[in-house]
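Student: Structure in structure tokens, see below.
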Amino acid sequence: MRAFQFAPALRAASPPRNRRWALAGMVLVLLSVTLSLVLAGEKSSPTLLVVTASFASALVLLCWLSRQLYYRTSLHLQADWQYRTDQEYAAWWQHHAQTFALQDVVLIGPAGISPADWQGFLSQPPGPSTGCSSAITNGLLFSTWPGERETQLAQMLARQWHTQCSGQVYRPPISCYWQGSETAWQAFSAEVSLLFPSLCLPVHPEPWQGANTLAELAAHFALIAEENQQWFLVAGCLSVPAGGGSEPAGESALLWKVTAKGPVTLARGEVFSQGKHTATQVCQQAQQQSGLTRPPEHCVLFSPAIPPDFAHCGWNLSRHVQDPHWGRTGENEPLIAVSLAALLALHQQTSCGWIATDPQYQLTLGIVKYHG
């Protein structure tokens, strides 16, 4: 869980105990007068006694005032520390809860390629996994070599984006984040240049790094106005061969047009590491980050890496489990989860949570909100 690092708290001094000070003053005055009588002997006089008593009283009063000043100063320093800490925490939380939007969401997988396909897919409860297939892949690709399938998948991603955006004209993005091979990126970029003549993509995109990339996007849009036309391209394309066990091969491709304002929004999300925070704490902070008072009604997730204590986090973790439908997703898993959550939020016009593994963390999770 991303948490604000509080500085060690300042402790205020305890208040002076006036009764003890008064008693100590009386004892000191009495001792001073007695000592002056003993030392002066026959030369003692009322004036000497008054001077001695006054000096002792003044000394006690000065010490008491110094103790009061120390106490009041410590209260002031503690209040100033608390004010500064509250100000820093408010600024941190405002930054932490900054959102960005997904204007275009393209997802290609074994179950579909178009928004209509995914609406139908998300409307149906997950079916049981048969466990007999060695691959869960897209039936429109016919090559048997993963590298060629990735190239074809990347080209299909560009064409599907062009189909969904209805021929819109795009300015070049601020930056591009890519999850996949360089060969697949070159195929995607070449196809995009043919379909979008005004759109020039970089030769070498930034690598997608999971939750850290989400944080970079949120930090960027925290500094610009919603009306700003700047945007980022996030895309990924993977064809993952079958694992050594029972994990079937899988493949996926996806694309986001990330802007400051759009139909669905999300924040940088939260990260979970076993032993540091509980699942309930992380989920509640994700809700607070998204401005929700209740858990989201839907949650898209890949379940194998989810610890058992997530069963008590309050989120609905049984309706949209994706394991039976994708095969091996590789590092595309969080991208798929967010894409499905965005499509579901857009279709149901509600908030949708997502949980997935992450390249840098054990788990990452968040909430996609519908804005229309």
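Student: SER166 to SER273: extension gain in nm, 0.36 nm per residue of separation minus the Cα-Cα distance? Walk me through the numbers before you get to the answer.
Tutor: Values: separation 107, 0.36 × 107 = 38.52 nm, distance 4.20 nm.
Full extension from SER166 to SER273 adds 34.3 nm.
Student: Within the P(r) computed for segment 247-372, what percentage of the Cα pairs occupies the region above 26 Å?
Tutor: Details: 1199 of 7875 pairs.
Value for segment 247-372 (Cα pairs over 26 Å): 15 percent.
Student: Another question, if that's okay. As an exercise, use a Förster radius of 45 Å and the Cβ-Cβ distance of ARG294 and MET26 to find the FRET efficiency, rounded to the nearest 0.05. Don't skip to the answer; put the middle values down first.
Tutor: Values: r = 63 Å, r/R0 = 1.41.
The formula returns an efficiency of 0.10 here.
Student: Tell me, what is the per residue accessible area of segment 250-372 in Å², probe radius 1.4 Å?
Tutor: Working: 4350 Å² over 123 residues.
On a per-residue basis, 35 Å².
Student: Roll a 1.4 angstrom probe over the protein heavy atoms and tell me the percent of accessible area of segment 292-372 that is carbon or sulfur. Write out the running numbers ahead of the final one.
Tutor: Numbers: 1450 of 3090 Å².
In segment 292-372, the share of accessible area belonging to carbon and sulfur is 47 percent.
Student: Taking the Cβ of LEU107 as the center, what net charge do the other residues with Cβ under 15 Å away carry, scoring Lys and Arg +1 and Asp and Glu -1? Let's see the in-between values first.
Tutor: Values: positive: ARG159, LYS257; negative: ASP104, ASP117, GLU251, GLU333.
In short, -2.
Student: With Cβ to Cβ distances under 14 Å as the rule, what net charge do the other residues near TRP185 carry (K, R +1; D, E -1)? Write down the numbers at each step before the final one.
Tutor: On the way: positive: none; negative: GLU150, GLU182, GLU191, GLU206.
For residues surrounding TRP185, the net value is -4.
Student: Hey, another quick one. What is the antiparallel percent of DSSP beta bridges lying wholly in segment 230-327, to the nearest 5? Each step should come with its number before you reach the end.
Tutor: Working: 9 of 11 bridges.
Antiparallel bridges: around 80 percent, rounded to the nearest 5.
Student: So for the chain, averaging the separation of alpha carbon pairs under 8 Å that are six or more residues apart and normalising by length, what relative contact order in percent results? Don't skip to the answer; put the middle values down first.
Tutor: Working: 673 pairs, mean separation 73.0, N = 372.
Reported as a whole number, the value is 20 percent.
Student: Next question. To the nearest 20 Debye, how big is the dipole of the chain about its Cα centre, given +1 on the beta carbon of each Lys and Arg and -1 on that of each Asp and Glu? Don't jump to the answer; show the numbers that get you there.
Tutor: Values: 20 positive and 23 negative charges, 395 e Å.
So the magnitude is around 1900 debye.
Student: Please pull out the direction-averaged projected area of the chain, using the convex hull of its alpha-carbon atoms, in nm² to one decimal place. Don't jump to the answer; show the numbers that get you there.
Tutor: On the way: hull surface 111.8 nm².
If you wrap the Cα atoms of the chain in a convex hull and average its projections, you get 27.9 nm².
Student: Angle, helix 333-348 long axis vs. longest principal axis of the chain, Cα atoms, 0 to 90°, nearest 10?
Tutor: Computed tilt is about 80 degrees.
Student: How far, in nm, would the chain grow between SER246 and GLN124 when pulled straight, counting 0.36 nm per residue and subtracting the alpha carbon separation?
Tutor: Working: separation 122, 0.36 × 122 = 43.92 nm, distance 2.48 nm.
My answer for the length gained is 41.4 nm.
Student: If you don't mind, there's one more thing I want to ask. Starting from the amide H of ALA242, placed 1.01 Å from N in the peptide plane, find each other amide H under 5 Å away whose residue is 5 or more places distant or on another chain.
Tutor: HN-HN under 5 Å from ALA242: ALA249.
Student: At 0.36 nm per residue, and after removing the present C-alpha to C-alpha distance, how many nm does the segment from ASP309 to GLU88 gain when stretched out fully? Before the final figure, lay out the partial values.
Tutor: Values: separation 221, 0.36 × 221 = 79.56 nm, distance 3.21 nm.
This chain segment gains 76.4 nm when fully extended.
Student: Label points 7 Å out from Cα along the Cβ direction at GLU182 and SER57: separation in nm?
Tutor: Rounded to a tenth, the inter-label distance reads 9.1 nm.
Student: Here's another thing I want to ask about it. To the nearest 0.05, what FRET efficiency results for ILE224 and HIS204 with a Förster distance of 22 Å applied to their C-beta separation?
Tutor: Details: r = 25 Å, r/R0 = 1.12.
So, using R0 = 22 Å, E works out to roughly 0.35.
The values are calculated or read from the model by the stated rules, or taken from the named source; none is laboratory data. Quantities reported herein were computed from a predicted structural model and do not represent experimental measurements. Note: ideal-geometry Cβ built from the backbone for every residue, glycine included; neighbour counts use all protein chains shown. Side chains included, ligands, DNA and RNA excluded: accessible areas come from the protein's heavy atoms. Shrake-Rupley method; radii C 1.70, N 1.55, O 1.52, S 1.80 Å.
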